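Here the structure is laid out as structure tokens; the discussion comes afterwards.
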Amino acid sequence: MTETRAKPAPQTGDKPKTKQPWLWNVVLLDSDDHTYDYVIRMVQELFAHDVEKAFLIADRVNHDGRAVCLTTHKEHAELKRDQVLAFGRDPMLTTSKGSMSAIIEPAEVGGDDGDRGKEEK
């Protein structure tokens, strides 16, 4: 009877590299149908930011037309975007017909925004 022996796999010393999950920004888009108070309250409730951070996001979305609220993995970003879209109208404005708009986009790690590229939980 012939015996067959398997050759041991060569060891290169290199460990397989684990790919980092892509990070995504949850971006709040400007709206004239929502007050600062609404934006601050929503950002605090949905993203657990303190009032100062929530105000900075409200101010940025007002002046720049958009603001990054959170950078995280894709599934969490999609959830947070959907929560923004479902938050409801601003009760302080009669012209407010619904929630603010939000999108997700791939994060640019090491970008010029101090909050971009950092994963928040």
- Message: Residues that are closer than 21 Å to ALA107 by Cα and at pLDDT 95 or above: does the range 10-22 have at least one?
- Response: no
- Message: Name the single residue that is nearest to VAL68 (Cα to Cα) among those in the range 91-109 being touching a residue at least 60 places away in the same chain (Cβ under 8 Å) and hydroxyl-bearing (Ser, Thr, Tyr).
- Response: SER101
- Query: Which condition does ALA77 not pass, out of (1) in contact with a strand residue (DSSP E or B) (Cβ under 6 Å, 6 or more places away or on another chain); (2) assigned to a strand (DSSP E or B); (3) surrounded by 15 or more Cβ atoms within 10 Å (Cβ to Cβ), if it passes all the others?
  - Reply: (2)
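The values are calculated or read from the model by the stated rules, or taken from the named source; none is laboratory data. No experiment lies behind these values; they were computed from the predicted model shown. Every residue, glycine as well, gets a Cβ built from its backbone with ideal geometry; the counts of neighbours run over all protein chains shown.
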